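Below you'll find the structure, written out as structure tokens, and then a few comments.
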Amino acid sequence: MTTPNIIPVIIGADLNCYHVARAFHEEYGVISEAFGRYETSATLGSKIIHFHCVPELDTDEVFLSEMNAFAAAHPDEKKILIGCTDDYANLIARSRPVLGDRFIIPYNTPEMMDDFQSKERFYRYCDKHGIAYPKTVIVPLGTDTAETAYTEEALGFAYPIIVKPSNSVIYWKHPFDGMHKVYVSESPARTKEIIDTIFASGYDDSIVLQDMVPGNDSGMYVLTAYCSKDAKVKMMTLGHVLLEEHTPKGRGNHAAIITEYNPALTEPIKAFLEDIGYVGYANFDIKFDPRDGSYRAFEVNLRQGRSNFYVTAAGENLARYIVRDYVTDDLPDGCHVCENEVLWYSIPRSIIFKYTHNDALTDKARALVKAKKAFSSVWYRPDIAFNPRRLFYAAASQYRHFEKYRTYCRE
């Protein structure tokens, strides 16, 4: 098969960026062009990525200028724009009126992107479409309420609870000391303190207070779906999380996943996505609730998730779906739900076996390693071979995880 004349243009520089670039390299042998405000160890020294450092890339003016210049320099190739954060995905979506005739932009309308980046509005969609989520109380912008508003009786669920911003895109634009991705509160006083601190930072959206679903990391699931340009779900791959990252700003990032087949979980979300006319990649964070046997959605990312290589490792290469949809126009009919079982991980395997608190999953992971069905994010032979610089950065990044888990995670 002739390789399509494509250039992946990836906006971001984290592990998500490397996963997408690796998918394109594995499938089509192409080098990706990545743009970011700074480079990270996830992409440093890579031969499969050509990185462009643009300090103010997250502003519309600079982003459009860079993309127009790149398009002018590459007029003949099919250029595919892919964002690696919610902020960049939104930036790409709203750039369609200017860039849509020069780039492939596999994203929803800015209006839908805006709706779904808010957890508050996402939960309204869940109510309408019968998708379960944890018990939730929304604290509107600027609320100045006494601690009594956050008692168990007032909230309707018990402590400890989860406190998190409804809109993570806006939240990360207002950094402050002690900033966490998600907070666990043990008391009404601590809940009020967190809320007041977030609002004082300049954050101007609502805050979510949520029932804390019991269970450790191994109760988490991640579901990735690809929806074609005609809003039909074409691929779904479910992952069962063994272990997450535990640093304050990385909490919730998946570090090890085993793929699973569970139509009872995937089918309702397929119906939901097609009903709302969704386009592109969607990534759902879900947790099993042992209290009633339900699966509860936490949020949806309007892009491929940071841990997206678990999908490619299972045989559902992320690059292939976009290219077959927008370039070669030969996506198969129907929806393919992945049944292949593999282990994906982005950390040293010994950490997985030490910190995963689920014996059955740990045994399954060991069996998949023995069966040669285990895939690491960083140890990509075509990128590391004869490339000591990449090998150094990959090894250093892996080594740092030992200290992170010793500091933040219970054995």
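Restricting attention to segment 223-272, the residues that are under 30 Å from Gly100 (Cα atoms), of a type outside the set (Phe, Trp, Tyr), in contact (Cβ under 8 Å) with a residue 60 or more places away in the chain and buried (at least 18 other Cβ atoms within 10 Å of the Cβ) add up to 11.
Restricting attention to segment 157-173, the residues being modelled with pLDDT of 95 or more and either in contact with a Ser or Thr (Cβ under 6 Å, 6 or more places away or on another chain) or over 24 Å from Val300 (Cβ atoms) (or both) number 5. Could you tell me which residue of segment 1-14 is least open to solvent (accessible area, probe 1.4 Å), considering only residues that are at pLDDT below 95 and among the hydrophobic types (A, V, I, L, M, F, W, C)? Ranking the qualifying residues of segment 1-14, first place goes to Ala13. For the structure I just gave you, tell me whether Tyr295 is touching a Lys or Arg at 6+ places or on another chain (Cβ under 8 Å), farther than 17 Å from Asp115 by Cα and surrounded by 19 or more Cβ atoms within 10 Å (Cβ to Cβ). So Tyr295 fits the description; yes. Number of residues in segment 15-29 that are within 21 Å of Glu66 (Cα to Cα) and either open to solvent by 10 Å² or more (accessible area, probe 1.4 Å) or β-branched (Val, Ile, Thr) (or both): the value is 1. Of all residues in segment 351-362, those that are farther than 14 Å from His246 by Cα have Cβ atoms under 6 Å from Cβ atoms of residues that are of a type in the set (Gly, Ala, Ser) and at pLDDT 95 or above, 6 or more apart or on another chain, in Asn358/Ser218; Leu361/Ser218.
Among Thr85, Thr59, which is at negative phi and crowded, with 16+ Cβ neighbours inside 10 Å? It is Thr85. Listed by position, the strands (runs of 3 or more DSSP E) enclosed by segment 190-264 that each have at least 2 residues that are closer than 18 Å to Val163 by Cα are 207-211. Of Leu44, Leu64, all but one fail to be over 18 Å from Val279 (Cα atoms) and under 21 Å from the mean Cα position of the chain (by Cα); the exception is Leu44. Here Ile170 passes the criteria (1) touching a Phe, Trp or Tyr at 6+ places or on another chain (Cβ under 9 Å); (2) closer than 20 Å to Asn253 by Cα; (3) part of a strand (DSSP E or B) except the one numbered (3).
Inside segment 319-365, can you point out the residues that are polar (S, T, N, Q), part of a loop (DSSP other than H, G, I, E, B), surrounded by fewer than 18 Cβ atoms within 10 Å (Cβ to Cβ) and more than 22 Å from the chain's Cα centre (by Cα)? If you could, list the steps in order and put the result at the bottom.
Filtering segment 319-365 for residues polar (S, T, N, Q) gives 328, 340, 346, 350, 356, 358, 362.
From what is left, the residues that are part of a loop (DSSP other than H, G, I, E, B) are 328, 340, 346, 356, 358.
This time we only want the ones that are surrounded by fewer than 18 Cβ atoms within 10 Å (Cβ to Cβ), so: 328, 340.
The answer is Thr328, and nothing else.
The values are calculated or read from the model by the stated rules, or taken from the named source; none is laboratory data. Worth saying up front: this structure is predicted, and the values here are computed from it rather than measured. Reconstructed Cβ throughout: ideal geometry from the backbone, glycine too, with neighbour counts over all protein chains shown. Keep in mind that these areas ignore ligands, DNA and RNA; they rest on the heavy atoms of the full protein, side chains included. Shrake-Rupley method; radii C 1.70, N 1.55, O 1.52, S 1.80 Å.
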